[in-house]
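Read the structure below first, then the notes.
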Amino acid sequence: MFSDDGVAVSPEMQNEQQTAEEPYPFGTYDGLLLHSRYQRVRAEGRLCPVRMPYGDRALLATRYADVRAVLGDPRFGRTIPAGLDQPRVTPEVLPLGLMEMDPPDHTRIRRLIASAFTPRRAERQRPSTRRLAERLIDDMIASGGSADLVKGFAFPLPIGVICDLLGVPYDDRDEFHTWVVAMNELASGQADESRMENIGRMMAYLSGLIAERRAVPTDDLIGKLVRDTDEGAEENDRLGDDELVFLSMLLLVGGYETTANQIGNFVYLLLTHPDQLELLRRRPELLPGAVEELLRYTPLAVSAMYPRYARSEVVLGNEDEAGTDRYAEAGDAVSVVAEGCPVLTSTAAANRDPRVFPDPDRLDITRDAAGHLGFGHGAHHCVGASLARMELQVALGRLLERLPGLRLAVGPRSIAWQPNLLFRGPVELPVTW
């Protein structure tokens, strides 16, 4: 896939070439720090050839212009070409449903759920989200002068929101948490009998809910998916029950785990950046922009995953045949990506690109962080972005107003971080107020 000078070559030639590659991921992650190698690779310009623990070699995009182009250009797709082995961090290729689809199948299924995640729908959920946040903070205060913010607030808030949206009983939240943990551990290559049993229980539970919605229609998202599927005018618009179960699993995990980790991450960052915390306390009107800056600054993913494959030869850089990219600069290095070559995109590195975000390694809640890639870009831009933004605004806003003395109860270096290969987040976040 790469010649000796770094230019991509055809997959058929990859065994005939000797290429200097970087082992990837670059190293074990340390909290919310971004590995220094990303900065060096980004400054070097062209896409970086990398060797993953499993599967084919790949190219790694770290510059904002390159990452945005790969995510948004239809010449790149998620479908693995026949005969290739997906570069990955786990021994097995994991089924990802909607996340591994290309149009038109991706467009068809995304259309089924898009109406539930519009900005207007998210705003309609703001009052109920605020009420839940207030109850959780009340419970934390009632328990004494300190608490684990992860267990007491960061996880129960988004799971309450997604349960309400999907129509899943909130009383079953502890079971969901166990199942989601099992899903993430499986995705991290930790497959064993107990984890598989938990995933089987989640699938059986969701299958039962789908059967209930078919018998007694409801207006929640699972009910809507069942109704839209059963009543679809075209055969291709209908999902089988297995597809409905998998899609419901993806929505439950995606709408819960990512936001829960980000609440913990954001609170940790604010409590360890006291100047920004004090500014936000004095100027609460900065909250929406602060959330965008925190989304830009926080490297949620442990490493780049989910490669895009070039459907034809693509030139990336300021000579891109698709036109000059306003995020590229004159003199930027050009990369040639051969047909069939997988490209990994580091949105975390792209969000620290000084060409787009001056002084990018500084957290600045007054920064205009519009255009960050925290929710991705292009066809696979996070469908729940509006909902997540609302939840994060409510979570930070209520915590800062209700707990004006909020601070860490332990030193920052004492915080333990999630061990899985997908998302960064504190295991516990002991706080006092």
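The values are calculated or read from the model by the stated rules, or taken from the named source; none is laboratory data. Everything numeric here is computed off the predicted structure, so don't read it as measured data. Glycine gets a Cβ as well: all are built from the backbone with ideal geometry, and neighbour counts include every protein chain shown. Accessible surface is based on the protein model in full, side chains and every heavy atom, while ligands, DNA and RNA are left aside. Shrake-Rupley method; radii C 1.70, N 1.55, O 1.52, S 1.80 Å.
Measuring spread by the Cα atoms of segment 341-407 yields a radius of gyration and Dmax of 15.3, 52 Å.
Taking the 1.4 Å solvent-accessible surface of the chain as the whole, the part contributed by carbon and sulfur is 51%.
Of all DSSP bridge pairs formed entirely within the chain, close to 80 percent run antiparallel. Over all pairs of different C-alpha atoms in segment 47-151, the reciprocal of the mean inverse distance, the Kirkwood hydrodynamic radius, equals 18.5 Å. By the combined test of axial Cα extent (at least 27 Å) and Kyte-Doolittle hydropathy (mean at least -0.5), the qualifying DSSP H helices of the chain come to 193-215, 241-271. Where only DSSP H runs of four or more residues are counted, the chain gives -13500 deg cm²/dmol as its mean residue ellipticity at 222 nm, each run worth -39500 (n - 2.57). Ordering 116-122, 255-261, 218-224 by mean Cβ neighbour count within 10 Å, with the highest value first, yields 255-261, 218-224, 116-122.
With all protein chains kept in place, the per residue accessible area of the chain amounts to 44 square angstrom at a probe of 1.4 angstrom. Residues Leu244, Leu98, ordered by accessible area of protein heavy atoms at a 1.4 angstrom probe radius and largest first, appear as Leu98, Leu244.
Here the chain is described by how far its Cα atoms reach on the three principal axes: 65, 55, 41 Å, from widest to narrowest.
Here the scattering of segment 244-315 is modelled by Debye summation over its C-alpha atoms, one equal scatterer each and no solvent; at q = 0.11, 0.18, 0.24 Å⁻¹ the log10 of I(q)/I(0) is -0.46, -0.85, -1.10.
Just to confirm my numbers, what's the Cα centroid distance between segment 278-308 and segment 57-132 in Å? Computed from Cα coordinates, the inter-centre distance equals 19 Å.
Charge dipole of the chain (Cα centre as origin; +1 on each Lys and Arg Cβ, -1 on each Asp and Glu Cβ, all else neutral): 1500 debye, rounded to the nearest 20.
Over the Cα atoms of segment 120-221, the radius of gyration divided by the Kirkwood radius equals 1.03; this is the Rg/Rh ratio. The simple spin-label model puts a point 7 Å past each Cα toward its Cβ; for Arg51 and Glu313 those points are separated by 2.7 nm. Ranked by the mean number of other Cβ atoms within 10 Å of their residues, highest first, the peptides 170-178, 34-42 come out as 34-42, 170-178. Relative contact order for the chain: 26 percent, from Cα pairs under 8 Å spaced at least 6 residues apart, divided by residue count. Working ranking of peptides 289-298, 50-59 by packing, defined as the average number of other Cβ atoms within 10 Å per residue, highest first, is 289-298, 50-59.
Computed extension length for Glu339-Asp242: 31.6 nm, one decimal, from 0.36 nm per residue of separation with the Cα-Cα distance subtracted.
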